[in-house]
Amino acid sequence: MNNLFPKLPVADWIDSFVDWLTTTFEVLFDGITAVLEFVVNIIVSFFGFIPPILLIILLALLAWKLANKKIALFTLIGLLLVDNLGYWEPMIDTLALVLSAVFISIVIGIPLGIWASQNNTVRNIVIPILDFMQTMPAFVYLIPAIFFFSIGVVPGVVASVIFAMPPTIRLTILGIQQVPSDITEATESFGSTTSQKLLKVQLPLAMPTILAGINQSIMLALSMVVIAAMVGAPGLGADVYRAVTQIQIGRGFEAGISIVVLAIILDRITQNVGTKKKGAN
C-alpha cells in the first residue's frame, strides 16, 4: 500500500547519529572500555586467586550470614555441582560481568531515582526513557555497543547496564514516594533540612524497596549473559551460545544449569537481605 507521505529516514538518522558519536567521542569510549575491562579483570582475578573449594565455603558462609541455612546449603551444593561440571571459570567470568553491570546500575540508578523522586520535571523525563529502555529488544542494544566498544566483555557489560538499570531507578522512586507523608511532615516540623530528611528518614524507610530493585537488576543482568556472548563476552553465556550453534544439547543443559544455580543464589541472598531490612524497619 502506498503511503500518503514519504517514509521518514529514521534508520539513516540513527546511523548518522551513531557515526557522529563514534567519531566525536572516540577517546571517551576508549577510556570507558579500558576502565570496564580493568574492573572486570580485577573481579575475575580476585575470585580466581582463591581456590574454588575455599571460595565455595566462604560464599556458603556469606549466604548463611546474609540469608539462612537453607540458602547456605544450596549455595554449597550448587557451587560444588558447577565446579564438578567444569564450569567454574566461566561462572566466575559471568559473575564478574553481572557484578560490574549491577554496580554501575546502582551507582547511576539510585542517585537518579532519588533525584527523580524529589523533582517532578526530572521524573517526567526519566519515566518515558525507562519505558523505552525496558521495551526495546535487548538485541538492539548490542548494535551500538559494538560500534562504540568493539567486541568483548565491555559491550556485554554496557548492554547489561542499559537492560538492567530501570528497575533500580523505578523502585528507588517508588520507595521514596511511598514513605508516609505524616512522617516526612513531622521531620519538616522539627526543622530538618531536605538532605537530613532524605538521608535519615526517606532512604532508610525506602531501603527494602530499593533492594528489591537491585534484586531485579541482578536478575535482568543475568538474563543478558547469553545475549552478551554474541558480541564476544566470556562466561556461561558463551558456552550456552556455542552449544546452541553446534546443537550440543547436553553441554547447553549443563551450562544452563550453572546459570540457574548462580541466579538462584544471587536472587535468594538479595531477597533475604531485603526482607531483613524490612523487618528491622
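The values are calculated or read from the model by the stated rules, or taken from the named source; none is laboratory data. No experiment lies behind these values; they were computed from the predicted model shown. Glycine also receives a Cβ, built like all others from the backbone with ideal geometry; neighbour counts cover every protein chain displayed. Quick note on the areas: whole protein, heavy atoms, side chains included, nothing else; ligands and nucleic acids left out. Shrake-Rupley method; radii C 1.70, N 1.55, O 1.52, S 1.80 Å.
Of the options (1) 1.03; (2) 0.99; (3) 1.05, only one is Rg/Rh (Cα atoms, Kirkwood Rh) as computed from these coordinates, and that is (1).
How many angstrom lie between the C-alpha centres of region 30-46 and region 209-264? First find each Cα centre; the distance between them is then 20 Å.
Protein heavy-atom surface of the chain, 1.4 angstrom probe: 70% of the accessible area is carbon and sulfur, with nucleic acids and ligands not counted. Think of region 1-94 as having a plus end and a minus end, set by charges on the Cβ of Lys, Arg, Asp and Glu; of Trp20, Leu36, Leu55, Leu55 sits farthest toward the positive end of this dipole. Highest mean packing first, where packing is the average number of other Cβ atoms within 10 Å per residue, the peptides 93-103, 237-247, 15-25 line up as 93-103, 237-247, 15-25.
Working note: Karplus 6.51/-1.76/1.60 with θ = phi - 60° gives region 22-33 the couplings 4, 6, 6, 10, 4, 5, 4, 5, 5, x, 4, 4 Hz, where Gly and Pro are set to x.
The rule of thumb for compact globular proteins, 2.2 N^0.38 Å, goes into the C-alpha radius of gyration of region 144-227 1.50 times. Solvent-accessible surface of the chain, taken per residue with a 1.4 Å probe and all protein chains present: 56 Å². Net charge dipole, region 1-116: roughly 800 debye, given to the nearest 20, about the Cα centre with Cβ charges of +1 for Lys and Arg and -1 for Asp and Glu.
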